[in-house]
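Remarks on the structure that follows.
The values are calculated or read from the model by the stated rules, or taken from the named source; none is laboratory data. What you see is a predicted model; the values in this text were computed from it and never measured. So basically every Cβ, Gly included, is an ideal-geometry build from the backbone, and we count neighbours across all protein chains shown.
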Amino acid sequence: MSIKFKNANVLNKDFDILESQDLIVENNRIKTIRATDSSDDSKYERVIDCNDNYLIPGIKNSHSHNAMVFLRSMSDDLPLHDWLQKYCFPNEAKLTYEDIYYFTMLGIMENLSSGVTGSMDMYLDSYAMADACLAVGFRVNICDTMQKFNKKIAPEEYYLEFNNYKGDNGNLIKYNLGMHAEYTNTEELIKMMSDLTHKYKASFFTHIAETKFEVDGCKERWGGLTPVQVFEKFGLFDYGGGGYHCVHIEDCDYEIFKKHDCIAVTCPGSNVKLASGIPKVKKMLDYGLRVAIGTDGPASNNAIDMFREMYLTTTLQKVTNDDASVLKPKEILKMVMVNGAACLGHTDGDVLEEGKLADIVLIDVNKPNMQPRNTFINNLVYSCGKQNVKLTMVDGRILYEDGKFLIKEDENYVYKKCNELLHNLLNR
Ligand SMILES: [Zn+2]
């Protein structure tokens with residue numbers, strides 16, 4: 001399969017623009033990027049005239065619970081712990097494989113329409129999640145959601161199975177060791193997970209310090225230790241990894257993250273909606289930490305929209321630091337492209353270069369919100385939205401183009417099916 005994008009402006013690895021380029025994809029890789037010429041196009045299976053629009057690397061959603069679309073707008077305006085205990089957990093206990101398969105598929109469609117080519121997803125049925133991702137052709141990194149309430153706890157079995165699921169060999173589907181959070185696990189489970197990270201020399205990801213309530217509770221349980229200190233005490237970061245949210249991490253935690261080169265995944269939309277607080281992203285960068293960005297679940301956000309997350313990541317830092325100059329667009333793009341690719345374990349899908357994975361998005365600037373053509377990357381972070389995503393390609397396949405999903409299932413069938421499944425779930 002070979003596809004030629006012609007007459008494109010290409011965002012390069014330094015987040016500068018290469019004007020008037022042709023980018024050629026062969027199978028699932030970028031074969032060539034070169035100045036547009038009038039060479040013969042007949043040898044390509046498809047030639048896409050970009051009409052002076054912009055090709056950017058796929059955006060990575062580094063923390064999601066895609067299947068939680070079913071809880072979207074069902075239980076808003078509640079504190080996190082009420083929301084979790086009263087709405088999320090009771091309904092999640094009723095989910096079936098089919099529910100999670102179709103809800104995940106709907107979440108993936110929303111990601112694709114936001115220019116997202118891969119997500120680090122955490123949810124309950126890894127088989128349903130992986131099957132939905134393979135059916136669509138979406139890249140996912142499943143993070144173990146181990147917690148003491150789970151019916152089955154088998155992270156080693158999952159780790160081995162989903163890092164080579166149905167012969168995929170880690171191309172689209174990868175699996176990360178992880179757990180839901182400190183407060184939903186026991187010392188025994190934390191030790192078991194630590195043994196696995198050492199056995200497989202594997203990184204570890206989990207929710208960390210999302211709320212002050214969580215950190216205060218952790219200190220009570222662990223003689224004054226923060227969640228980050230607890231995980232370090234048991235060696236869970238010995239092979240790297242990171243934390244989701246990190247809103248209430250403390251000075252000692254920044255040092256631990258720095259020591260282990262952990263990635264802090266910020267989810268500002270979810271944090272502000274649940275009033276969890278504003279993560280100190282500028283301080284993370286000042287410490288030299290790597291930061292990536294995620295949407296968290298659509299039950300707490302409520303949209304899977306990485307443009308909104310990019311905007312919030314930078315603007316919240318400007319206001320909390322009383323300095324409009326902090327977190328410039330290039331820093332934000334590095335978070336969602338390079339650091340996101342590191343989170344997903346696909347470091348060859350980070351930028352647009354020859355030989356890299358063909359995870360590519362075409363941004364249409366011929367819309368009012370992207371005009372006039374001043375500085376593209378500033379428009380991309382401050383002004384761009386889903387309406388500008390003209391095409392999303394994952395692993396060399398176009399999965400979304402001109403508002404249509406080019407996936408296994410008809411989009412209207414997925415919407416109908418998800419509504420039926422939700423109705424049945426609520427009546428069980
Ligand atoms: Zn989460």
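Table: residues versus (1) surrounded by fewer than 20 Cβ atoms within 10 Å (Cβ to Cβ); (2) in contact with a helix residue (DSSP H, G or I) (Cβ under 8 Å, 6 or more places away or on another chain).
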position	(1), (2)
H346	no, no
D359	no, yes
N369	yes, yes
N374	yes, no
N379	no, yes
S383	yes, yes
L391	no, no
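Counting only residues that are away from the ligand (no atom under 16 Å from the Cβ), under 23 Å from C252 (Cβ atoms), among the hydroxyl-bearing types (S, T, Y) and surrounded by fewer than 21 Cβ atoms within 10 Å (Cβ to Cβ), region 183-226 holds 1 of them.
Would you be able to say whether some residue in region 322-340 is within 16 Å of the ligand (Cβ to nearest atom) and either of a type in the set (K, R) or under 29 Å from C50 (Cβ atoms) (or both)? Checked region 322-340: at least one residue is within 16 Å of the ligand (Cβ to nearest atom) and either of a type in the set (K, R) or under 29 Å from C50 (Cβ atoms) (or both).
For beta carbons closer than 6 Å, sequence separation of 6+ or different chains, a first residue in region 248-268 that is under 19 Å from F234 (Cβ atoms) and a second that is within 16 Å of the ligand (Cβ to nearest atom) and charged (D, E, K, R), there are no qualifying pairs.
Condition first: outside any helix (DSSP H, G or I), among the aliphatic types (A, V, I, L, M) and more than 16 Å from the ligand (Cβ to nearest atom). Can you find one or more residues in region 261-283 that meet it? Spell out the reasoning first.
We begin by selecting, within region 261-283, every residue outside any helix (DSSP H, G or I); these are 261-267, 274-280.
Still in the list and also among the aliphatic types (A, V, I, L, M): 263-265, 274-275, 278.
Checking the rest, the ones that are also more than 16 Å from the ligand (Cβ to nearest atom) come to 278.
Yes, region 261-283 contains a residue that is outside any helix (DSSP H, G or I), among the aliphatic types (A, V, I, L, M) and more than 16 Å from the ligand (Cβ to nearest atom).
Selection of first residues in region 395-410 that are under 16 Å from G349 (Cβ atoms) and of second residues that are buried (at least 16 other Cβ atoms within 10 Å of the Cβ) and aromatic (F, W, Y), restricted to Cβ pairs under 9 Å at least 6 apart or on distinct chains, gives the following pairs, ordered by first then second residue: D395/F138; L399/F138; L399/F405.
Residues of region 49-79 that are farther than 19 Å from G178 by Cβ and within 15 Å of the ligand (Cβ to nearest atom): V69, L71, R72.
Residue count for region 285-321 satisfying the condition of being in contact with a Phe, Trp or Tyr (Cβ under 7 Å, 6 or more places away or on another chain) and away from the ligand (no atom under 16 Å from the Cβ): 3. Taken as a whole, the condition of being closer than 19 Å to H346 by Cα and in a loop (DSSP other than H, G, I, E, B) applies to N171. Within region 157-182, residues that are under 18 Å from T117 (Cα atoms) reach partners that are at pLDDT below 95 with beta carbons closer than 6 Å, at six or more positions or on different chains, in the pairs K174/G345. Among the residues making up region 110-124, those that are surrounded by 24 or more Cβ atoms within 10 Å (Cβ to Cβ) and of a type outside the set (S, T, N, Q) are L112, G115, V116, G118, M120, D121, M122. Report yes if some residue within region 234-253 is aromatic (F, W, Y), within 16 Å of the ligand (Cβ to nearest atom), outside any helix (DSSP H, G or I) and within 25 Å of the chain's Cα centre (by Cα); otherwise report no. The answer is yes; a qualifying residue exists.
Please work out which residue is modelled with the lowest pLDDT, limiting yourself to region 35-79 and to residues that are of a type in the set (A, V, I, L, M, F, W, C) and within 30 Å of T145 (Cα to Cα). Going through the qualifying residues, I end up with L78. Among the residues of region 399-408, the one identified as at pLDDT 95 or above, closer than 13 Å to V136 by Cβ and surrounded by fewer than 19 Cβ atoms within 10 Å (Cβ to Cβ) is L406. Among the numbered conditions (1) assigned to a helix (DSSP H, G or I); (2) crowded, with 23+ Cβ neighbours inside 10 Å; (3) among the aliphatic types (A, V, I, L, M); (4) more than 16 Å from the ligand (Cβ to nearest atom), the only one that M129 does not meet is (4).
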